[in-house]
Amino acid sequence: MKPLLLVGSLLIGLATPRGDAPILQLRDVIDYVADYEIRHPDVPQQTDWYGMTDFDNRLIFTIRNVDLATRRKTVIHELIHVRRKAYNQLAEDRLAEEQAVGEETEALYESMFAH
């Protein structure tokens, strides 16, 4: 797990010793939201995905018709993909990318929303 520093109510990401990209930070989120269009479609049937990012067209999709916790995790997940792309750290293997982003998503979600 990547090191975290909690300052007030802001979570600040610290780079790991290996030089990995820092965890998702509020500054990153502002930049990515300013640069990407975010759409929240209703999906008429159950799917095995809750969001996706189209880097070429600068679009992030997160489906609307799931519970709030899932929507939050999906937004975090997709923004982590965008951050990894910005740092040229996307895994070439899709499954490896999803696993890495999934682990980071769970850790970040837990640190932000656990009561």
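Tabulated results
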| read-out | value |
| --- | --- |
| Breaking point among (1) in contact with a Pro (Cβ under 7 Å, 6 or more places away or on another chain); (2) crowded, with 16+ Cβ neighbours inside 10 Å; (3) not aromatic (Phe, Trp, Tyr), for Arg64 | (2) |
| In the range 41-58, the residues that are at pLDDT 85 or above and among the acidic types (Asp, Glu) | Asp42, Asp54, Asp56 |
| Test result for Val33, under 26 Å from His115 (Cβ atoms) and either among the hydrophobic types (A, V, I, L, M, F, W, C) or touching a Cys at 6+ places or on another chain (Cβ under 9 Å) (or both) | yes |
| Qualifying residue in the range 91-99 (condition: under 10 Å from the mean Cα position of the chain (by Cα) and surrounded by 14 or more Cβ atoms within 10 Å (Cβ to Cβ)) | no |
| Given (1) surrounded by 13 or more Cβ atoms within 10 Å (Cβ to Cβ); (2) out of contact with any helix residue (DSSP H, G or I) (no Cβ under 8 Å at 6 or more places or on another chain), number of the condition Ala114 does not satisfy | (1) |
| So Ile76, is it surrounded by 14 or more Cβ atoms within 10 Å (Cβ to Cβ) and free of Cβ contacts under 8 Å to residues at least 40 places away in the same chain | no |
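The values are calculated or read from the model by the stated rules, or taken from the named source; none is laboratory data. Everything quoted here is computed from the prediction, not taken from an experiment. Using ideal geometry, Cβ is built from the backbone for each residue, glycine included, and neighbour counts are taken over all protein chains shown.
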